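Take a look at the structure below.
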Amino acid sequence: MTLIKSISGIRGTIGGKTGDNLTPVDAVKFASAYGTFLKQNSNKEKLTVVIGRDARISGPMIHNLVVNTLIGLGIDVIDLGLSTTPTVEVAVPLEKADGGIILTASHNPKQWNALKLLNDKGEFLNGADGAKILEIAESEAFDFSDVDHLGTITENDAYMDIHIDEVLNLALVDAEAVKKKKYKVVVDGVNSSGGIIIPKLLEQMGVEVVRLYCEPNGHFPHNPEPLKEHLGDICELVVKEQADFGIVVDPDVDRLAFISNDGEMFGEEYTLVAVADYVLSRTPGNTVSNMSSSRALRDITQKHNGTYEASAVGEVNVVELMKKNNAIIGGEGNGGIIYPEAHYGRDALVGVALFLTYLAGQEQSVAELRAGYPQYFMSKNKIELTPQIDVDAILKAMTAKYQHENISTVDGVKIDFAEDWVHLRKSNTEPIIRIYTEAPTQEQADKLALRIIDEIKEIAGI
């Protein structure tokens, strides 16, 4: 099944049969459901929605379908064209719009696309609202406008620059301090919109940019998820160019990974750790990340006398807990930085600007900075099960087995041991259990994962 409907939107592969893939019919259906939802929940005569897309090949097609569907519902569209997820999130409140749609399948390969749905604050919809949209789509309860009440399109291609200005205006961003350092940075934009916006931001901060895969043509030169196994080219180029570090973003620019000056991965998990270290050193407070993220954020938060809490996996859940705990920074271990001073959404531009400002105040290299953080290592695994196996029963059995440990069942089962932890989650879309472990050494993390996998197989009888 390559059409995945969830509370955060709809994603799928292009082509194929309606209802099984993200076909033009499915794009129109879900855009109609979203527009209908907005109309049902507003007293305004005229609604406005901001739309932007990443550079993937199917973008223009899906973009035209979604824009014209909203027009058919009588909704005005502010069309940002080629954009990023955080740029659209910034644009929605600035435009006083009623919602936003980002057309991107994030880190998924080029055959995928998706509709990511925002509320009037430029934040992802909550579970209840997402569920209502899925109901509307299922019932096809759409009421389109007559010819005299169609929506209009206003094109605005200035928002990438506006977004950069918003980031540079943050109190903790010091472009002048960065300019004095004359940094040289390699950028891998995976041939999407990050290849435009990240170099622009860097150049405005006085950084010399070496571009790698920054042509926004949608032909991703490697798997677009910014993981070590996909990033050999930039790791080599950082060393060859004797750059201060490298920057990698995913196609919609909400995830951020650094390459240290020695060509080694800084570590996606440590993007948030480093940025939080800087923010907390200047504005002490609380932090939040999801349960599958590194314990290093907790350590750094406690070093600055703050309180750390873990949310269920998913950006919406992180944001909800951040608001509840008045967290001053948070995010996810996949390189997602959420800094409320900017907006409540993962934003690679915010991460880059804060990291550069932090680095400018340190008399050390990126590799030295990374070496100074608590050392943790992760192992990420999954067990494929037959559909007949009761995953919930397995998770309950594991909870019972480790009942005397520090356990959370907010999102699957997370077992915190003294030196390490394991997080077990079932997939909503396939019969698998995800098994994430973290420990002070890679060997310990792998060993814990293998032990837990054996225990699960024993319970499941496989």
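The values are calculated or read from the model by the stated rules, or taken from the named source; none is laboratory data. Computed from a prediction, not measured in an experiment: that's the story for all the values here. We place every Cβ from the backbone using ideal geometry, glycine too, and count neighbours over all the protein chains shown. All accessible areas refer to the heavy atoms of the entire protein, side chains included, with ligands and DNA or RNA removed. Shrake-Rupley method; radii C 1.70, N 1.55, O 1.52, S 1.80 Å.
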Can you list residues whose amide H is under 5 Å from V313's amide H, if they're 5+ apart or on another chain and H is modeled 1.01 Å from N? M291
Kirkwood hydrodynamic radius for region 408-458: how many Å is it when counted over pairs of different Cα atoms? 11.4 Å
With all protein chains in place and a 1.4 Å probe, D252 shows an accessible area in Å² (nearest 10) of 0 Å²
With a 1.4 Å probe and all protein chains kept in place, how do Y34, Y436 rank by accessible area, largest first? Y436, Y34
Ignoring ligands and nucleic acids, what accessible area does S311 show with a 1.4 Å probe (Å², nearest 10)? 10 Å²
Gap in Å between the Cα centre of region 152-187 and the Cα centre of region 333-398? 23 Å
Counting DSSP beta bridges with both ends in the chain, the antiparallel % (nearest 5): 55 percent
Could you derive backbone 3J(HN,Hα) for region 173-183 from the dihedral phi with the Karplus parameters 6.51, -1.76 and 1.60 (θ = phi - 60°), listing whole Hz in sequence and x where the residue is Gly or Pro? 9, 10, 5, 5, 5, 5, 4, 5, 7, 6, 6
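Calculate the all-directions average of the projected area of region 1-53's alpha-carbon convex hull, and give it in nm².
4.3 nm²
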Under Karplus coefficients 6.51, -1.76 and 1.60, residue-wise ³J(HN,Hα) of region 91-102 in Hz, glycine/proline x: 5, 4, x, 5, 8, 6, 7, 8, x, x, 10, 10
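How much area per residue is accessible in the chain when the probe is 1.4 Å and only protein heavy atoms are counted (Å²)?
Value returned for the chain: 42 Å² of accessible area per residue.
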Heads up, I need the accessible area for Y308: 1.4 angstrom probe, whole protein in place, Å², nearest 10. 50 Å²
Convex hull volume per residue in cubic angstrom - Cα atoms of region 346-396: 164 Å³
Please report, as a whole percent, how much of the solvent-accessible surface of the chain comes from carbon and sulfur atoms (probe radius 1.4 Å). 47 percent
The answer for the longest stretch of the chain without any exposed trypsin sites (Lys or Arg not before Pro) (DSSP loop, at most 13 further Cβ atoms within 10 Å) is 183-462
List the relative contact order of region 51-103 as a percent without decimals, with contacts defined as Cα pairs under 8 Å and 6+ residues apart. 53 percent
Hydrodynamic radius (Kirkwood) for region 377-462, which is based on Cα pairs only, to one decimal in Å: 12.9 Å
Step through the table entries K180/K200; K116/K200; K5/K228; K44/K324; K29/K121, compare each Cα-Cα distance with 27 Å, and write down the pairs that go over it. K5/K228; K44/K324
